[in-house]
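Only one structure is covered here, and it is reproduced in the block below.
The values are calculated or read from the model by the stated rules, or taken from the named source; none is laboratory data. Note that the structure is a prediction, hence the values are computed from the model and not measured. Cβ: placed from backbone, ideal geometry, glycine included. Neighbour counts: every protein chain shown. When the accessible area is computed, the model is the full protein with side chains, heavy atoms only, and any ligands, DNA or RNA have been set aside. Shrake-Rupley method; radii C 1.70, N 1.55, O 1.52, S 1.80 Å.
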Amino acid sequence: KFWIDDRLSAILWARETLDSDTIILDTETTGLRHYDNVEVIELAVINVSGEVLYNQRFKPIYKIPRGATEIHKITDKAVAKMPSFKDEYQKIYAMLNGKKIIAYNSPFDSEVINRTCQLYQLVEPCCRWECAMRAFQAFKGGSWDRLPGGTHGALDDCRAVLNLLNAMAKDEFP
């Protein structure tokens with residue numbers, strides 16, 4: 001089980017993560033809660049070298065609520081001609097299944113990916129999720145905080161997580 005409870009363990013975790021084949025993932029979604037109609041509308045994945053492995057928006061089943069659009073700026077019009085999550089799922093599954101995945105607030109990202117799979121009746125990928133937000137909390141000795149450098153764009157947020165990992169590995173406060 002993923003457990004980091006102090007600054008030193010966060011630093012060691014960041015160093016180990018950066019020296020592995022771990023991937024960093026972020027999603028943008030149709031909502032913030034785990035309701036039946038919350039689904040992934042943007043997914044980005046990078047490796048710990050910063051290489052973009054995947055970056056795609058999706059046309060959702062449901063309309064994007066105004067509150068969600070206010071956060072990530074993704075509109076129904078912007079995704080109207082995009083593929084669905086289901087259309088891209090073979091690639092997504094192959095990329096995620098069996099991997100160690102880092103996300104900022106990984107319980108949310110893992111749940112929304114699983115919820116989206118359920119909406120489309122797809123097999124959920126089996127992944128090992130670890131949470132950069134929890135590690136950062138232990139590192140700085142505080143409570144929840146926004147992702148330093150995060151913009152609510154999936155690819156930008158993946159890069160912000162990588163920057164955070166690099167800063168923690170060097171024992172620097174981002």
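A compact table of results
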| item | result |
| --- | --- |
| Residues located in the stretch 133-149, provided they are buried (at least 17 other Cβ atoms within 10 Å of the Cβ) and among the hydrophobic types (A, V, I, L, M, F, W, C) | MET133, ALA135, PHE136, ALA138, PHE139, LEU147 |
| The lone exception for LEU96 - which of (1) over 30 Å from TRP13 (Cβ atoms); (2) among the hydrophobic types (A, V, I, L, M, F, W, C); (3) touching a Pro at 6+ places or on another chain (Cβ under 7 Å) it fails | (1) |
| Identity of the residue in the stretch 1-15, assigned to a helix (DSSP H, G or I) and more than 19 Å from the chain's Cα centre (by Cα), that ends up farthest from LYS140 (Cα to Cα) | ARG15 |
| Hits in the stretch 16-39 - residues which are surrounded by fewer than 20 Cβ atoms within 10 Å (Cβ to Cβ) and in a loop (DSSP other than H, G, I, E, B) | ASP19, SER20, ASP21, THR22, GLY31, LEU32, ARG33, HIS34, TYR35, ASP36, ASN37 |
| Residue match in the stretch 40-55 (condition: under 18 Å from LEU119 (Cα atoms), open to solvent by 70 Å² or more (accessible area, probe 1.4 Å) and not in a loop (DSSP other than H, G, I, E, B)) | no |
| Residue match in the stretch 71-87 (condition: open to solvent by less than 10 Å² (accessible area, probe 1.4 Å) and either small (Gly, Ala, Ser) or closer than 21 Å to MET133 by Cβ (or both)) | no |
| Index of the failed condition, LYS99 passing every other in (1) open to solvent by 10 Å² or more (accessible area, probe 1.4 Å); (2) in contact with a helix residue (DSSP H, G or I) (Cβ under 9 Å, 6 or more places away or on another chain); (3) farther than 18 Å from ASP87 by Cβ; (4) modelled with pLDDT of 95 or more | (2) |
